[in-house]
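Trainee: The structure's right below; bear with me while I get my questions together.
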Amino acid sequence: MATVRIASFNVENLFRRAKILNEPDRATTTRLLKLVDELQGVLKEDNYTDTRKKRIVALLKELRGYATVRVDRGKLFTGMGAVKVGASGRKDWDGEIIFTQEKVKEGARKSTAAVIKAVKADVCCVVEAENRPILDAFNTELLTGVQRFAASMLIDGNDERGIDVGVLSKHPIGAIRTHLFEKDTTGKPLFSRDCLHVEILLPDKQVLHLLCNHFKSKMNNDAASDGKRKRQAARVAAIVKERFDLKKDLVVVAGDLNDTPDSDPLAPLLKVRDLHDALALQFGADAAQRWTYKYRSQLNQIDYLLLSTPLKKAFQRAGVERRGIHGVDGITGTPPFPDVKSPATAASDHGAVWVDLDL
């Protein structure tokens, strides 16, 4: 068969996005998410002391416009006017923190489509899509002709903000396996979103096993986040070792792994024998060519296409499409796509990774 192009792209949502994630300043987003984590922790307490009640009110005030608490049963708040906590503890009510959503700007959607059209992938791992109907609507409404995919798949994962991993494919989709129910050592979900395993049915009865991932973010930049990411990497490594013969099977581990190639958390996965980083095959150790994400002054590779040995043998070329990133012209000298006029109309702050395979 002809060359197959595989891609992975963190699209930062297609239609609606949690407002807390839409701040142009990453430091602001990090601060707000830490407040959400703190609020979740206080709300889980069995005993709401006066100090805890005051902290709940203070946190909700700081998060106004970004998140609120929905009460489904019982009573959390009491009184009229100013918000006061009337519950004595978590047993008095049932509900959850709700993130305020806002529409992604039309320019951002066009920019996202421009990236996917430019990449011209046959199969694409899509990170941070909201749900399958929205992924399918994006495919049918913004991608046309030969750029449109024949199949889409997404299973709602574990992230409360509604950011999931999915697949767009020009080839038929076969068996699907989710890992969203696997538990961490703490009893909580192991995967922040999912490790979504989708079989892509290629011509000549060949089957490509695509494992789409979105590992724990580094936003908190702490040992807990690093530990979670390392456990996720170790589990994906175990999955590919248990289920596949990486010397024979066509396997791609794709997605936003949220850490760099030399990081300790990703070592369990990146050091798996017979699993090869497509960008390393193309660019070697040249980090300046491999970067997929800019954070402040740092240019890092945090998005990956890891290939089993038969796919390494089929490797032709790989690259990163960065023209959907706002400010990319100041880094590479290459102008962004026309609709990328601000962070709000950028396709993403990630580049799309792609690889060509001669199968």
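Trainee: How far is helix 132-142 tilted, in degrees, relative to the longest principal axis of the Cα atoms in the chain, given as a value from 0 to 90 rounded to the nearest 10?
Mentor: 60 degrees
Trainee: Given the Cα-Cα distance of residue 120 and residue 26 and 0.36 nm per residue of separation, how much length would full extension add, in nm?
Mentor: 30.8 nm is the gain from fully extending residue 120 to residue 26.
Trainee: Taking the mean number of other Cβ atoms within 10 Å as a proxy for protection, how do you rank 152-162, 238-248, 103-113 from highest to lowest?
Mentor: 103-113, 152-162, 238-248
Trainee: Report the gain in length on full extension from residue 88 to residue 295: 0.36 nm times residue separation, minus Cα-Cα distance, nm rounded to one decimal.
Mentor: 70.3 nm
Trainee: Once label points are set 7 Å from the Cα along Cα→Cβ at both residue 38 and residue 176, what is their separation, rounded to one decimal in nm?
Mentor: If labels sit at residue 38 and residue 176, their model points lie 4.0 nm apart.
Trainee: In region 117-235, what is the count of Lys pairs whose alpha carbons are under 20 Å apart, counting only pairs at least 8 residues apart or on separate chains?
Mentor: Close lysine pairs found across region 117-235: 14.
Trainee: Per-residue ellipticity at 222 nm for the chain, helices alone: DSSP H runs ≥ 4 residues times -39500 (n - 2.57), over residue total, nearest 500 deg cm²/dmol?
Mentor: So the helix-based figure for the chain works out to -8000 deg cm²/dmol.
Trainee: Another one. Compute the long axis of helix 223-243 from its Cα atoms, compare it with the longest principal axis of the Cα atoms of the chain, and write down the angle in degrees, 0 to 90, nearest 10.
Mentor: 40 degrees
Trainee: Just flag the chymotrypsin sites (Phe, Trp or Tyr not before Pro) in region 81-181 sitting in loop per DSSP whose Cβ has no more than 11 other Cβ atoms within 10 Å.
Mentor: Of the chymotrypsin sites (Phe, Trp or Tyr not before Pro), the ones in loops of region 81-181 whose Cβ has at most 11 other Cβ atoms within 10 Å are 181.
Trainee: Per-residue counts of other Cβ atoms within 10 Å, averaged by peptide: what ranking do you get for 261-269, 227-235, highest first?
Mentor: Put in order of decreasing packing, that is 227-235, 261-269.
Trainee: Rank-order 290-297, 196-203 by packing density, defined as the average count of other C-beta atoms within 10 Å over each peptide's residues, highest first.
Mentor: 196-203, 290-297
Trainee: If you don't mind, another one. On a 0 to 90° scale, report how tilted helix 26-43 is relative to the longest principal axis of the chain, with both axes built from alpha carbons and the result rounded to the nearest 10.
Mentor: That works out to roughly 50 degrees.
Trainee: Multiply the residue separation of residue 262 and residue 73 by 0.36 nm, subtract the distance between their alpha-carbon atoms, and state the gained length in nm to one decimal.
Mentor: Gain in length upon complete extension: 63.3 nm.
Trainee: Just checking the chain: which Cys have no other cysteine's beta-carbon under 4.7 Å?
Mentor: 124, 195, each lacking another Cys Cβ under 4.7 Å.
Throughout, read-outs are computed from the coordinates displayed, never taken from laboratory work. All figures in this text were calculated on a predicted structure; none of them were measured in a lab. When we count neighbours, we look across all protein chains shown, and the Cβ atoms used for this are built from the backbone with ideal geometry, even at glycine.
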